[in-house]
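**Q** Here you go, one structure.
Just so it is clear, none of the values below were taken in a lab; they were calculated from the coordinates. Since the model is a prediction, treat every value here as computed from it, not as a measurement. So basically every Cβ, Gly included, is an ideal-geometry build from the backbone, and we count neighbours across all protein chains shown.
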Amino acid sequence: MNWRIASVAGGIAAAMTAVASPLAHLDHHSLVAHMVQHLILMLVAAPLILLGTRSDALPNIPAAACWLAGTGAVILWHVPAVFNLALQSTFWHDFERTSFLLAGLLFWRPIIGSSGWTAPVYLFLATLPCDALSAFLVFCGHVVYRPHLSALEDQELAGAIMWVAVTFFYLVPALVLAARQLSSEGTQSAEIRVA
């Protein structure tokens with residue numbers, strides 16, 4: 001099977017797992033399940049779908065706009081009033097999940113096929129707002145989302161899962177891309193010395 005087809009199929013399967021599996025039914029009862037659902041949509045489904053898509057067929061959107069879409073969606077949907085709106089309305093909950101997938105697609109767009117130092121810096125900077133939100137959920141000491149049927153321990157675990165997942169999914173690619181860039185610069189430097 002073509003790797004592009006497999007990548008898109010994997011992304012669709014991940015998205016379906018997030019929205020149409022037992023996990024989707026648990027997200028009103030556990031903040032951990034809710035968080036895992038969002039993470040699957042943004043960190044697994046979106047990049048897999050993009051990897052399987054021809055990058056030259058995708059629109060060219062400025063990296064800053066893509067970064068803002070990705071980080072903005074995460075922050076906006078975790079404002080308590082907005083979060084609670086999605087819990088109380090099927091329409092807004094579906095809109096929330098759709099926006100996480102679309103924001104993930106936008107967020108990962110500048111990374112696919114990128115070169116240079118822009119991508120590692122982009123990914124590193126994206127960890128900062130997510131880390132701040134995660135740290136708040138872990139260490140604030142009170143339940144933030146009242147209508148949610150979660151205890152403080154559930155909230156702390158959800159924050160910790162977000163913290164670890166975002167760090168892994170953003171910083172590992174950033175380190176790989178940085179190592180590739182350093183290697184490329186070292187090769188170019190050696191070629192210049194030889195010439």
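**Q** Using only Cα positions of region 1-134, each an equal point scatterer, no hydration layer, compute I(q)/I(0) via Debye at q = 0.12, 0.17 Å⁻¹ and quote the log10 values to two decimals.
**A** For region 1-134 at q = 0.12, 0.17 Å⁻¹, log10 I(q)/I(0) is -0.48, -0.93.
**Q** Which of 130, 140 comes first, and how do the rest follow, when ranked by fewest Cβ neighbours within 10 Å?
**A** Values: 130 22, 140 13.
Ordered from fewest to most neighbouring Cβ atoms within 10 Å, 130, 140 come out as 140, 130.
**Q** Another one. Using a Gaussian network model of the chain with C-alpha springs under 10 Å, which one of 58, 26, 133 is most mobile by mean-square fluctuation?
**A** It is 58.
**Q** Let me ask something else. On a 0 to 90 degree scale, rounded to 10, what angle separates helix 152-166 from the longest Cα axis of the chain?
**A** Helix 152-166 sits roughly 10 degrees off the main axis of the chain.
**Q** Taking 0.36 nm per residue of sequence separation and subtracting the Cα-Cα distance, how much length would be gained by fully extending the chain between residue 95 and residue 75, in nm to one decimal? Walk me through the intermediate numbers first.
**A** On the way: separation 20, 0.36 × 20 = 7.20 nm, distance 1.53 nm.
Result: 5.7 nm gained on full extension.
**Q** For the chain, with a Gaussian network of springs between Cα atoms less than 10 Å apart, report the residue from 67, 117, 77 with the top mean-square fluctuation.
**A** Among 67, 117, 77, the largest GNM mean-square fluctuation belongs to 117.
**Q** Related question: For the Cα atoms of the chain, what angle does the longest principal axis make with the long axis of helix 90-108, in degrees from 0 to 90, nearest 10?
**A** Helix 90-108 sits roughly 10 degrees off the main axis of the chain.
**Q** To the nearest 0.05, what FRET efficiency results for residue 112 and residue 5 with a Förster distance of 22 Å applied to their C-beta separation? The partial results should precede the final answer.
**A** Numbers: r = 16 Å, r/R0 = 0.74.
Approximately 0.85, to the nearest 0.05.
**Q** Helix 118-139 against the longest principal axis of the chain: what's the angle in degrees, Cα atoms only, rounded to the nearest 10?
**A** The angle comes out at about 20 degrees.
**Q** A follow-up question, please. With each run of n ≥ 4 DSSP H residues scored as -39500 (n - 2.57), what mean residue ellipticity at 222 nm is computed for the chain after dividing by its residue count and rounding to the nearest 500 deg cm²/dmol?
**A** Values: 10 runs with 141 residues, N = 195.
Here the helix-only value at 222 nm equals -23500 deg cm²/dmol.
**Q** Still on this model: Given a cut-off of 16 Å, what percent of all Cα-Cα pairs of region 56-95 lie beyond it?
**A** Working: 394 of 780 pairs.
Across region 56-95, Cα pairs with separations above 16 Å total 51 percent.
**Q** Here's a follow-up. Based on the Cα atoms of region 11-60, what semi-axes does the equivalent ellipsoid have, where each is the square root of 5 times one gyration tensor eigenvalue, given in whole Å with the largest first? Numbers along the way, then the final one.
**A** Values: eigenvalues 138, 19, 8 Å².
Ellipsoid semi-axes (Å, largest first): 26, 10, 6.
**Q** Estimate the FRET efficiency between residue 29 and residue 182 by the formula 1/(1 + (r/R0)^6), using the beta-carbon distance for r and 45 Å for R0, to the nearest 0.05.
**A** Working: r = 46 Å, r/R0 = 1.03.
The computed FRET efficiency comes out at 0.45.
**Q** Which value in Å is the Kirkwood Rh of region 91-183 over different Cα pairs?
**A** Details: mean 1/r = 0.0668 Å⁻¹.
Value: 15.0 Å, from the Cα pair sum.
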